[in-house]
């Protein structure tokens, strides 16, 4: 099969996994929606070694069709489904961490599920398998973690449904999770995503060979229904862009594969292949059971509900979304982040730019982009030596050591790194683009991917002692909103900006009649500047006055001459740079 | 049933339509992909009266599940599927137009389709119904139009698959179409949309009751498969936003309806209802046949292919897209427009802002938004009296009568309307927002909805004698691109702009040290101006020089004093407004 016919989701036949271990829990498990399972078996794999104090365990949670085989154990082993994220030297480094990955409750790869023999009847559960939830899945994982003697997980990591499990772990067993890494996930499915699941289950459950879930001893299997559910799932995991790239050119040239499904169109033969392959390795009842658990997962549809649901968490977070993911749109990840910041929980967030769709969290290219964020969150990166800029010196000298600081437009996080050197404090950076988020996180500082034109992350009032707006004012159109929000979430704001009222600029304009062009990093032509706002010091002071904002301190500089300008010496004319400390009244 | 359970697509049981007429064509129809149909019956309805010279006929083309009943014939009649667009006094006004709407080839509402008796066997065609195309559908409509004695259609109007038919009519029978109105359509499906069709057909064709298409005499019907295809279709017709609005609040509260499908979740019971209803009024083979025709429709995947395919058209166009339509994304409509403008065909285009998704073209709210565009395109609107602005006088006096003009940032089209008064010429406006597009079209001038930051519509070189950029320069960040493009598609550009080098502004800045605030419509504060660029006359002249653009003529005004400023009198200081005629070298 050519690459086109490889799924990003591991396409494997259901051959036995060589390194799977099985844990048996004979005590009954009470289920959240009622009922019990009399005993549980869990299939799991581990990677790396547990350290002496058992503090280096990382739990990986898989999505609908994954299993315990997250990575290969040796060169001869089959590749795992998250091979490029987990392994020796990889972002989740099995040379440092003891990685645990188990097949989830309801699954069909070794852990108790609908195809398991019900001890009370001696036959597979089938339709009698109870309705399970993500909470039940996590309770089973908890038993395994306890069995392994681990009191606290260094991290729980999962994408999609795996992200739901991570969220559930952090809120259900808050003392046992140090870090939660949530990729391409949400507090609950969109109604659209839920509707696709409904259609998939209808395809399975109305397949006459489903026999109301009791097909195990009939010789039948709801091949058609399960394959159709899988085809549908596949479309939702990809983006429209990536499907176009893959199937537009040879649209009318299907592959000639052996299948009972329609083979017209290249995408048709691809879907037929994916559907058929899936049937060879997955159980229809498991598909129904697991998707129902996912559909019932609900940490809330409103900000208030999400805040309530996440309040119990004690971990720090890394949340990652994928720009072209329409099944779990980035806005849903952002909503999680908003709840976390509202709760003053430590969180880093990044939206990975990709056309990989929901599958992004599994794609090597996207893992290359977000891998450094995971590595940094786990504290595995040597911090860079921060750039020591004079412009930052001026801000640092205004901030008492130990202050909490939010840096809006933090760039690579150098200012925050230098504040960090002075001692531990709550420090958060905000900027756009993955490399800036990664660079800031490399300093061990949380960073949040956020376009300031859309507002600040949702911190509660006075979360920070200082909000820094350094060389950022001129690119944000909505200055009033920026200042208002900054003085809400911070007790004070430090605003550093270039003075467009500087005398050489005024002279240039007055004498030459050309729109002034500032020096240094503001030196753009009028027709290509990325700047949106061009205030003088007086303009900013006037705005503060209008907004009832107190200017507590003001420092003015002429950097071209390397001198400080006294307040009495007409800084609006003579200073090219200003640093103001602002406070709301 | 509550409103929630009403589809925008008319949910009707398959009761006979009272006003349907049937045309019988005994001559065989040759099909594009091979084979023939020995004879054809067409079910159709007409509204209004054909005028003396038979010039007022409008053909309405329906989408997958529509039929000939586009609107009610009288008060006692059932509502039609496009009730608010078509009818007395409506945008397609049956008091003025003779409206024809026929069930399409392959359908199951009266026109020949898979359920029709094959005269050679005396049994329904079933699986023997040949593979049909949109071209074949149009050929059948052509027979009907010929039968009605109509040589030229005033317009062909259709959304989705109906849009495909419209495109096909215009290119296949170019002399017979005066205007093509294409809503929520494309040159071909995206691979994603095609994939959804594949899954839907697989659900139908693997339903054991499908009997390989020969279910008519079995007493069976592939209820499950067809319902599942319909559920899936429904999700793709709605937007994620509208599904959230409808189903998020009461997510876990399904309705208790009688169905064999899953009833969990509010959206689940909705889909089950929609699926079951559809089965009562639609034939599974028709669904397969019609979706296959849609999937095979292909006017090209590249700009060059689309240009080639549309080259034969002789009509003028109205293309409308819907912002939240992800099945036929606005970019696909834009690609059609790009091919049309490349071919110098007359086209108006608008993207309707809606969360209605693909269904937008059927929704009353969205019809209210786009109805005026249809009305204007059909020439049914009394033109407004244009505003006669002094700023426009200055531009008009520079343009010789009979010149073709593209107005970038045309607003409500007053300048174009005044040029129009001087005689017929090719006039096109470009702006954003539906009301501006509608207002410009009301003047009988084509208007194209286009964000100039993303570039100009794709006209070929020197399409226009003049490109007008009036009071627009200051809001477009990429000025170089705007000028380059304008001087490519136009022989000359006329640029009118406010001079930020005007002396009162300079004085304000030099003396007060405040960023200058221009008068009139440019009078914003530095922190809230929508303007992006603030050039002086000298700045613009410098840029022209750098870009090798010739300034053929320049006129300067001080509008605050109501005088013209001579070129020798330092206009950069003394003029507040400039009008330049530019030409590429």
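The values are calculated or read from the model by the stated rules, or taken from the named source; none is laboratory data. Remember, it's a predicted structure, so these values are computed and weren't measured experimentally. All Cβ positions, glycine included, derive from the backbone under ideal geometry; neighbour counts span all protein chains shown.
Overview of values
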| item | result |
| --- | --- |
| Options B:313, B:376; residue that is at negative phi and within 15 Å of the chain's Cα centre (by Cα) | B:376 |
| Residue, surrounded by the fewest Cβ atoms within 10 Å (Cβ to Cβ), within segment B:314-324, restricted to residues that are away from every other protein chain (no Cβ under 12 Å) and in a loop (DSSP other than H, G, I, E, B) | B:314 |
| Residue in segment A:532-546 that is crowded, with 20+ Cβ neighbours inside 10 Å, more than 8 Å from every other protein chain (Cβ to nearest Cβ) and part of a strand (DSSP E or B) present | no |
| Filter pass, residue A:505 being part of a helix (DSSP H, G or I), over 30 Å from residue A:343 (Cβ atoms) and touching a strand residue (DSSP E or B) at 6+ places or on another chain (Cβ under 8 Å) | no |
| Condition check for residue A:403: touching a residue at least 24 places away in the same chain (Cβ under 8 Å), at negative phi and assigned to a loop (DSSP other than H, G, I, E, B) | yes |
| Residue B:474, sole failed condition from (1) closer than 15 Å to residue B:351 by Cβ; (2) within 14 Å of another protein chain (Cβ to nearest Cβ) | (1) |
| Residues within segment A:262-311 that are in a loop (DSSP other than H, G, I, E, B), within 12 Å of chain B (Cβ to nearest Cβ) and surrounded by fewer than 24 Cβ atoms within 10 Å (Cβ to Cβ), tallied | 8 |
| Pair list, Cβ < 8 Å and 6+ apart or interchain, from segment A:193-221 residues that are free of Cβ contacts under 8 Å to residues at least 24 places away in the same chain to residues that are surrounded by fewer than 17 Cβ atoms within 10 Å (Cβ to Cβ) and assigned to a helix (DSSP H, G or I) | A:208/B:208; A:218/A:211; A:220/A:211 |
| Condition met for residue A:580 (in contact with a strand residue (DSSP E or B) (Cβ under 7 Å, 6 or more places away or on another chain) and part of a helix (DSSP H, G or I)) | no |
| Within segment B:139-168, tally of residues that are more than 17 Å from residue B:378 (Cα to Cα) and either over 20 Å from the mean Cα position of the chain (by Cα) or assigned to a loop (DSSP other than H, G, I, E, B) (or both) | 14 |
| Some residue of segment B:234-251 being within 20 Å of residue A:261 (Cβ to Cβ) and either more than 8 Å from chain A (Cβ to nearest Cβ) or surrounded by fewer than 17 Cβ atoms within 10 Å (Cβ to Cβ) (or both) | yes |
| Count of residues meeting criterion [part of a loop (DSSP other than H, G, I, E, B), in contact with a strand residue (DSSP E or B) (Cβ under 8 Å, 6 or more places away or on another chain) and touching a residue at least 40 places away in the same chain (Cβ under 8 Å)] in segment B:28-37 | 1 |
| Residue match in segment A:169-179 (condition: assigned to a loop (DSSP other than H, G, I, E, B) and surrounded by 24 or more Cβ atoms within 10 Å (Cβ to Cβ)) | no |
| Residues that are part of a loop (DSSP other than H, G, I, E, B) and more than 25 Å from residue B:565 (Cα to Cα), drawn from segment B:453-501 | B:455, B:456, B:457, B:458, B:459, B:460, B:461, B:462, B:463, B:476, B:477, B:478 |
| The listed residue being modelled with pLDDT of 95 or more, assigned to a loop (DSSP other than H, G, I, E, B) and either within 26 Å of the chain's Cα centre (by Cα) or surrounded by 21 or more Cβ atoms within 10 Å (Cβ to Cβ) (or both), out of B:64, B:60 | B:64 |
| Segment B:267-301: number of residues that are without any contact (Cβ under 8 Å) to a residue 40 or more places away in the chain, in contact with a helix residue (DSSP H, G or I) (Cβ under 6 Å, 6 or more places away or on another chain) and more than 17 Å from residue B:203 (Cβ to Cβ) | 1 |
| Test: residue in segment A:183-190 that is part of a helix (DSSP H, G or I) and either over 30 Å from residue A:348 (Cα atoms) or in contact with a helix residue (DSSP H, G or I) (Cβ under 6 Å, 6 or more places away or on another chain) (or both) | no |
| Hey, residue B:193 more than 7 Å from chain A (Cβ to nearest Cβ), touching a helix residue (DSSP H, G or I) at 6+ places or on another chain (Cβ under 8 Å) and at pLDDT 95 or above or not | yes |
| Total residues in segment B:92-121, condition part of a loop (DSSP other than H, G, I, E, B), under 13 Å from residue B:162 (Cβ atoms) and out of contact with any helix residue (DSSP H, G or I) (no Cβ under 9 Å at 6 or more places or on another chain) | 1 |
| Where a residue in segment A:91-119 is not assigned by TED's automatic domain parsing to the domain that holds residue A:39 and its partner, wherever it lies, is buried (at least 20 other Cβ atoms within 10 Å of the Cβ) and at pLDDT below 95, with Cβ under 8 Å and at least six apart | none |
| Residue under evaluation residue A:94, criteria (1) farther than 17 Å from residue A:20 by Cβ; (2) surrounded by fewer than 23 Cβ atoms within 10 Å (Cβ to Cβ), criterion not met | (1) |
| Every residue from segment B:547-577 that is surrounded by fewer than 20 Cβ atoms within 10 Å (Cβ to Cβ), in contact with a helix residue (DSSP H, G or I) (Cβ under 7 Å, 6 or more places away or on another chain) and part of a loop (DSSP other than H, G, I, E, B) | B:547 |
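Residues checked against (1) touching a strand residue (DSSP E or B) at 6+ places or on another chain (Cβ under 9 Å); (2) closer than 27 Å to residue A:332 by Cβ:
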{"site": "A:443", "(1), (2)": "yes, no"}
{"site": "A:447", "(1), (2)": "yes, yes"}
{"site": "A:463", "(1), (2)": "yes, yes"}
{"site": "A:477", "(1), (2)": "no, yes"}
{"site": "A:482", "(1), (2)": "yes, yes"}
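Here is a yes/no grid of residues against (1) in the same structural domain as residue B:273 (by TED's automatic domain parsing); (2) at pLDDT 95 or above; (3) in contact with a helix residue (DSSP H, G or I) (Cβ under 8 Å, 6 or more places away or on another chain); (4) surrounded by 12 or more Cβ atoms within 10 Å (Cβ to Cβ):
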residue	(1), (2), (3), (4)
B:10	yes, no, no, yes
B:15	yes, no, no, no
B:23	yes, yes, yes, yes
B:36	yes, yes, no, no
